[in-house]
Structure formats: structure tokens, C-alpha cells
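Notes follow once the structure below has been shown.
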Amino acid sequence: MEMENSAVTQDGIATVLSNGSVDSSSVRPQIVVQVVDLKAVGNRYTFSANDGKTKIKAMLPASLTSDIISGKIQSLGLIRLLDYTVNDIPGKSEEKYMLITKCEAVASALDSEIKSDFKASTGIVLKPKQEFLAKSASQIINEQRGNAAPAARMAMTRRVHPLVSLNPYQGSWTIKVRVTNKGVMRTYNNARGEGCVFNVELTDEEGTQIQATMFNAAAKKFYDRFEQGKVYYISRGSLKLANKQFKTVQNDYEMTLNENSEVEEASNEEMFTPEIKFNFVPIDELGTYVNQKDLIDVIGVVQSVSPTMSIRRKNDNEMIPKRDITLADETKKTVVVSLWNDLATGIGQELLDMADNHPVIAIKSLKVGDFQGVSLSTISRSSVVINPDSPEATKLKSWYDSEGKETSMSTIGSGMSSSANNGSRSMYSDRVSLSHINSNPSLGEEKPVFFSTRAYISFIKPDQTMWYRACKTCNKKVTEAMDSGYWCEGCQKKDQECSLRYIMAVKVSDSMGETWFSAFNDEAEKIIGCTADELNILKSEEGEVNEFQTKLKEATWSSHLFRISVSQQEYNGEKRQRTTVRGVSPIDFAAETRLLLQDISKNKTSQ
Amino acid sequence: MDTSSPSAFVNGALLRRYIGQKVRTVIQVIGSDTGSVVGKSTDDLQIVVRGSSPPNPLTTYLEVIGIAESDNSIRAETWTNFGNSFDPQNFNELCKLANGEFKHMFI
């Protein structure tokens with residue numbers, strides 16, 4: 001019989017592979033293949049399906065075995081594939097085989113295996129032919145974006161760098177950022193002349209922020225171009241280390257743009273706005289932030305919402321709206337947050353409507369004031385999120401629902417101004433290190449600020465006036481009476497005896513610094529380990545060993561937890577910072593270790 | 001301070017990293033026999049400590065410094081009673097930090 005190559009479907013195997021499985025109901029080309037290497041495996045037959053160019057393993061169903069035995073389907077014969085599936089050979093995912101469920105004989109055995117002039121490959125699966133022509137990248141760009149704005153084309157071809165990768169030593173970069181805050185244009189007049197300046201806060205898709213400043217010509221050039229909330233491509237700016245004093249965003253660097261910098265608005269382009277990155281401060285730790293420059297974030301359950309109040313602004317007499325929200329958190333402390341302007345009328349109204357549900361709110365960038373001890377205020381850049389989708393919010397809500405709403409809580413402010421401070425209760429709130437006191441010389445300017453701290457007594461000057469003569473009744477200072485005894489002005493009486501009460505200065509040290517504390521009687525007693533009267537006796541004793549010095553030595557390099565208040569006192573017309581000990585407690589090492597572990601993990605997450 | 005033979009802070013899980021080397025750990029004593037003490041590590045795994053002179057009597061917590069013999073046993077060189085109140089969680093965190101990101105600050 002003449003070899004009829006045309007009887008076998010050209011590139012039939014390739015078509016089989018690219019079209020996948022077929023059944024007789026689908027309108028697909030019915031492929032004719034040659035049966036090669038027909039052999040029995042159990043009660044079924046396998047073969048290689050040959051299209052003259054390629055071969056693929058195939059399996060016939062047991063139902064067709066009789067056709068094979070009867071000679072209808074013959075080895076080297078042709079069959080038309082009517083119904084089949086294409087599967088991976090188990091264990092050899094590169095190779096496929098056809099499981100034929102329906103076919104019909106087309107021709108009986110040919111003389112030989114049909115081969116084309118090209119070398120037929122057996123058992124190797126060819127990739128299906130490409131249905132489309134490959135296009136070059138620039139072709140695609142031009143077709144799709146031929147008429148797009150320059151910025152869009154720039155996006156396709158320009159590599160955008162994450163803000164976190166920028167440094168002063170890498171010159172060419174492009175960033176894609178949203179202006180999350182735009183400052184006002186300020187004019188200045190200094191030794192170098194006049195000028196104007198403004199800055200913008202930029203945030204990229206990863207949430208990294210950086211401040212960019214523009215002076216004079218650059219300021220004028222870009223002031224109108226930058227709009228809050230819009231997205232821009234920026235390049236050719238310069239970076240330098242951020243001035244810590246004026247830092248408002250978390251970035252070691254700050255950016256300066258000059259007239260040669262490039263700022264292109266990314267119009268019509270979506271930019272994923274990252275979730276606001278919060279760094280929550282628990283309510284009971286707010287004390288350390290009072291009157292500080294730092295802006296803080298809080299999260300808490302809304303206990304109550306006030307109606308809108310109108311407050312007259314001091315500088316221009318304008319009336320602005322304010323609303324107070326009381327927040328509570330798991331530290332069982334509450335704090336009042338004042339929402340101002342749009343936040344008071346907008347989201348503030350929403351909160352009033354849902355106040356009975358006690359939602360959880362998270363607020364970013366709050367100023368910490370000392371009204372009623374501790375007060376939080378929003379500023380223009382503050383943002384409020386109601387019921388944020390975060391684990392902290394879920395935890396808070398379930399705490400509130402299970403125990404929080406029944407618990408009576410105290411406001412964080414009340415711990416601040418009370419002078420009858422129970423030392424042990426507040427040894428873990430408002431914890432600071434000594435450097436905090438030294439680095440803020442104006443602490444406690446208006447009202448005393450309270451903290452707790454853990455420190456060592458490092459020095460007690462032996463030749464200071466350590467005590468005063470005190471009335472046994474009222475503890476006030478007594479004066480020596482003319483004859484004998486002591487006169488108390490307060491009690492208006494004379495007593496033969498008086499008691500000595502401590503009033504001493506001690507130097508304290510911790511890992512961050514050292515400073516002087518003033519300690520009065522009850523606290524000094526805990527530091528020295530004996531009463532002033534007893535110490536006085538030791539001082540006047542004579543002998544080999546100076547027991548007085550020993551007592552002081554023993555007190556030195558002992559560590560304690562201190563509750564302290566920092567205030568400003570006038571001294572010879574000068575204002576001086578004075579730190580007074582309000583309570584002394586022994587150290588609970590396990591609790592302190594837990595605090596250190598918390599600190600370590602806090603430092604990690606804020607990096 | 002003799003730093004000639006430093007020991008690594010380990011808990012139950014970290015012990016296997018130092019087999020053959022000197023380690024130190026604190027265990028909660030579960031039982032003792034002649035020459036060995038069985039304890040619970042700060043991460044709740046069982047550790048057996050073998051040695052010649054454990055303190056007698058033993059307090060609830062025991063610090064052991066010695067050579068790690070397997071992933072759950074130590075041959076003790078020094079035993080120290082650590083008393084009955086000890087915070088195992090704090091110690092466990094210390095072990096994790098000392099073997100993790102702050103490893104460079106330890107041996």
C-alpha cells in the first residue's frame with residue numbers, strides 16, 4: 001500500500017498536546033495518527049501514536065481490545081482519535097500520554113512507520129506551538145501606552161526605589177511617594193539673608209516616611225505643585241542625616257530638593273496607601289511624654305464622647321470646635337483625648353453616634369499635655385481609625401467586653417498630681433531613666449511631673465546638713481528656745497525635745513546618667529536604713545570605726561525603685577530643676593527583668 | 001573574672017546546639033537520684049543532669065553548669081541552688097536572646 005502521509009494529521013501530536021483533552025462532542029479537528037509499537041499490557045493495549053514527526057505514548061481502553069484482536073486496529077495502521085484525555089505520566093511530569101476512550105480505525109497496517117524527513121523524536125513532549133508572536137518589550141509599551149502621559153511612561157521604564165533604600169551616597173534614584181503632609185511656606189531672616197522654606201512629609205508604598213525640605217527658589221517652584229494626598233515621582237534630591245531636634249518622622253535621613261530636582265505628579269495612577277504604622281503607648285506610660293515634643297499614638301476603648309464644644313483660640317480669637325473622648329485600655333487607666341476642628345465635627349460625630357457600642361479607636365500623632373495631669377490633643381496631621389483591623393484592637397475589645405467595662409478605672413492624670421502618692425502602686429508607671437531628667441531642663445515648668453525610675457545611690461555627701469530639728473507633733477521645723485527646748489511656731493508651743501528629720505541630697509546613677517535627688521524623712525530613712533536620730537547618734541560617737549561613715553557607705557551603691565517628682569524652683573532669681581523622691585521601694589528583679597525584656601522588644605519593633 | 005571557660009546560656013531546645021560544649025541552664029527539679037537530677041527546663045523539656053555532688057537538700061530551682069552530653073542531658077561541673085522563687089520565663093527569654101540576635105554579646 002502506498003504511504004499516504006496526508007492520511008496522518010500533520011503535526012497531529014502537537015495539536016493533541018496543545019489542545020489538551022477532547023471528547024466527541026467538542027468541535028475539534030479529529031486527528032489521525034499511526035499506531036506504532038502496539039503491545040498488550042494486561043488486558044489493555046498501549047502504543048505510540050505517530051504523526052510522522054512526533055510520537056506520544058497512548059493507551060487504549062479494554063473495550064477496544066477486541067478490535068485489536070480482530071484486526072480492525074492494527075499496528076502500523078491509522079486510527080482517528082475521537083475521544084481522549086492527555087495526562088502526565090506519573091513520576092515523569094515532563095512526559096505526557098494519551099488515554100484514548102474512543103477512536104476508529106482509518107487504515108490498516110502501513111508498510112512501515114511514517115517518518116518525515118525531519119528526525120522524529122520519540123517520547124519527548126514538544127511544547128505546543130506559540131499561537132501568538134512574541135513582541136519586544138518596547139513594542140508592547142508603545143502599543144499600550146503610546147499616548148500615555150510622560151509620568152506613566154516613566155513608570156514603565158524607570159525603576160522606583162523604596163524610601164528605605166535611600167542614602168546620601170547613592171546619587172541616582174527615583175521614588176514614588178504620596179504627600180502625607182504639606183507644611184506651610186515660612187519666611188525667615190537670618191544672618192545669611194532672607195528666605196522662604198517649606199517641607200513635605202512623603203510616604204511610599206512600604207510605609208516608610210521621610211521629610212523633604214525646599215528653600216527659596218525650589219520652595220517657590222514646588223510649593224504649588226505639591227498637594228497633600230497626591231502621588232509624585234521624585235528624583236535628584238539630596239539626603240543628609242536628620243536633625244534630631246526637628247525630626248517629625250521616623251527616618252535617619254531627611255531630604256532636600258533644589259531647583260534641579262524632578263517632581264512629577266503620577267496622575268491617574270493608583271498607589272497603594274500603606275496601612276498607617278502605629279506605635280502605641282499604653283495609657284499608663286503616657287506620663288513620660290507629658291509636654292514633650294514627641295507625638296504619640298494610642299489605642300483604646302471609647303468610654304464616653306462629649307458633645308462639641310466651642311473654644312476660643314488664643315492667638316486669633318477664632319472659635320474652633322473641640323470634642324473630648326475618654327479612652328480606656330488594659331492598663332486600667334483612662335485618658336481624655338481632645339479632637340479639634342474637623343476631627344471634632346467629622347469623625348467625632350461618628351463616635352458620638354456609636355459611643356454606646358464602645359468602639360476601639362486608634363489615633364496617630366497626638367500631642368501630650370499636662371491638663372489634669374495628662375491630656376492628649378489632636379493636631380492637623382493626626383489620624384483616627386475606628387475599630388481598626390488589628391490584633392491589638394481585637395484584644396482590647398475582648399478585654400473590655402469580658403472585664404474592662406465592669407472595672408472601675410482611674411484616670412492617668414490622677415496619679416500625676418496627687419502628693420500623697422503611694423510609692424509601690426506607681427513604681428511601674430511613667431518609668432524613665434535618669435537621662436530623661438537631665439535632657440529636659442524645663443521639666444515640670446508649670447506643674448511637677450511624676451515618674452518612676454530604678455537607680456543606684458552613688459554618693460551621699462557626709463558633710464551636708466542631713467536633717468533638721470522637727471516638732472514631734474507636726475514635723476515642722478522648730479527653733480531653739482531662749483532658755484531650753486524648742487519652739488514650734490505652727491503648734492504654738494514649746495517642747496523640751498524635738499526629733500530629727502532627714503532632708504538630704506543624694507546622687508543617683510543608672511545606666512543612662514546621673515543626677516541629684518532630694519529626699520525627705522520617710523524616703524531617706526529607707527535609703528539610709530535608720531532614722532535621722534539614730535544616724536545622729538552614730539555621728540557623734542567616737543571610736544575606732546566611724547559607724548556614721550559605715551552607714552553611709554552601706555547605703556551607697558544600693559539600688560531602689562524611686563517615685564520622683566520633677567519641678568522648677570526659684571533659687572537666687574534663677575529657675576532650677578529639682579527632683580524630689582516621693583517613694584522608695586525595693587527592687588523586684590523578676591518584674592524589672594520583664595520590663596527590660598519589653599524594652600528590648602520595643603526597640604526591635606521600632607527599628 | 002575568669003573567662004577562660006565560658007558557658008552558653010541554654011534552655012531545653014538550645015541544648016542540642018552545644019553537645020560537647022560547656023553550657024549553663026536553670027531547671028526546675030522534678031526528681032533526684034544518686035548521681036543524677038531530673039528537671040524541667042524553662043521551655044518545659046526534660047533535662048537529666050548527672051554528676052557527683054548535687055547540693056543537698058535541693059531547692060525548687062537549680063542552676064547547672066557543665067558539658068552538654070546529649071540533647072537532653074548535662075554532665076554537671078557546678079551546681080547551685082537557685083531557691084524556690086525564680087521566674088523561668090525571664091530566663092527562657094534570656095536564652096533566646098543570647099543565642100539569637102544578641103549572640104555576639106555572649107561567647
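Tabulated values for the structure
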quantity	calculated
Number of positions in the range A:491-507 that are assigned to a loop (DSSP other than H, G, I, E, B) and surrounded by 13 or more Cβ atoms within 10 Å (Cβ to Cβ)	2
So residue A:424, is it modelled with pLDDT of 85 or more and not acidic (Asp, Glu)	no
Flag if residue B:52 is exposed (fewer than 13 other Cβ atoms within 10 Å of the Cβ), touching a residue at least 12 places away in the same chain (Cβ under 8 Å) and either within 14 Å of another protein chain (Cβ to nearest Cβ) or more than 23 Å from residue A:596 (Cβ to Cβ) (or both)	yes
Residues of the range A:1-49 classified as of a type in the set (Gly, Ala, Ser) and modelled with pLDDT of 70 or more, total	8
First in the range A:428-455 and within 20 Å of residue A:331 (Cβ to Cβ), second anywhere and among the polar types (S, T, N, Q) and at pLDDT 90 or above, Cβ under 6 Å, 6 or more apart	A:430/A:452; A:431/A:452; A:432/A:453; A:450/A:565
Single residue of the range B:63-106 satisfying the filter (aliphatic (A, V, I, L, M), surrounded by 15 or more Cβ atoms within 10 Å (Cβ to Cβ) and more than 10 Å from every other protein chain (Cβ to nearest Cβ)) that is nearest to the chain's Cα centre (by Cα)	B:64
Yes/no for residue A:449 being more than 21 Å from residue A:526 (Cβ to Cβ), in contact with a Leu (Cβ under 9 Å, 6 or more places away or on another chain) and surrounded by 16 or more Cβ atoms within 10 Å (Cβ to Cβ)	yes
Odd one out for residue B:25, checked against (1) away from chain A (no Cβ under 14 Å); (2) surrounded by fewer than 15 Cβ atoms within 10 Å (Cβ to Cβ); (3) polar (S, T, N, Q)	(2)
Flag if residue A:564 is within 14 Å of chain B (Cβ to nearest Cβ) and of a type in the set (A, V, I, L, M)	no
Qualifying residue in the range A:271-281 (condition: charged (D, E, K, R) and modelled with pLDDT of 80 or more)	no
Conditions (1) in contact (Cβ under 8 Å) with a residue 60 or more places away in the chain; (2) of a type in the set (Lys, Arg); (3) away from chain A (no Cβ under 14 Å); (4) closer than 24 Å to residue A:588 by Cα; number of the one not met by residue B:17	(4)
Positions within the range A:87-106 being modelled with pLDDT of 85 or more, within 60 Å of the chain's Cα centre (by Cα) and of a type in the set (A, V, I, L, M), in sequence order	A:98, A:99, A:100
Filter result (surrounded by 15 or more Cβ atoms within 10 Å (Cβ to Cβ) and either among the β-branched types (Val, Ile, Thr) or on the phi > 0 side of the Ramachandran plot (or both)) within the range A:61-84	A:65, A:68, A:73, A:76, A:79
Residue satisfying condition, being within 14 Å of another protein chain (Cβ to nearest Cβ), in contact (Cβ under 8 Å) with a residue 12 or more places away in the chain and not aromatic (Phe, Trp, Tyr), within set A:532, A:555, A:519, A:591	A:591
Filtered residue count, the range A:283-312, keeping only those that are under 22 Å from the mean Cα position of the chain (by Cα), assigned to a strand (DSSP E or B) and buried (at least 21 other Cβ atoms within 10 Å of the Cβ)	4
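Table: residues versus (1) part of a strand (DSSP E or B); (2) more than 16 Å from residue A:229 (Cα to Cα).
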{"residue": "A:160", "(1), (2)": "no, yes"}
{"residue": "A:164", "(1), (2)": "no, yes"}
{"residue": "A:168", "(1), (2)": "no, yes"}
{"residue": "A:171", "(1), (2)": "no, yes"}
{"residue": "A:184", "(1), (2)": "no, no"}
{"residue": "A:199", "(1), (2)": "yes, no"}
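Here's the yes/no breakdown for (1) under 30 Å from residue B:82 (Cβ atoms); (2) exposed (fewer than 14 other Cβ atoms within 10 Å of the Cβ); (3) not aliphatic (A, V, I, L, M):
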position: A:515; (1), (2), (3): no, no, yes
position: A:557; (1), (2), (3): yes, yes, yes
position: A:560; (1), (2), (3): yes, no, yes
position: A:580; (1), (2), (3): no, no, yes
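Residues are listed down the side, and each one gets a yes or a no for (1) over 12 Å from residue A:255 (Cβ atoms); (2) assigned by the TED database to the domain that holds residue A:379; (3) hydrophobic (A, V, I, L, M, F, W, C); (4) out of contact with any Gly (no Cβ under 7 Å at 6 or more places or on another chain):
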position: A:169; (1), (2), (3), (4): yes, no, no, yes
position: A:173; (1), (2), (3), (4): no, no, yes, yes
position: A:180; (1), (2), (3), (4): yes, no, no, yes
position: A:184; (1), (2), (3), (4): yes, no, yes, yes
position: A:189; (1), (2), (3), (4): yes, no, no, yes
position: A:192; (1), (2), (3), (4): yes, no, no, yes
position: A:197; (1), (2), (3), (4): yes, no, yes, yes
position: A:205; (1), (2), (3), (4): yes, no, no, yes
position: A:212; (1), (2), (3), (4): no, no, yes, no
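The values are calculated or read from the model by the stated rules, or taken from the named source; none is laboratory data. Computed from a predicted structure; not experimentally measured. When we count neighbours, we look across all protein chains shown, and the Cβ atoms used for this are built from the backbone with ideal geometry, even at glycine.
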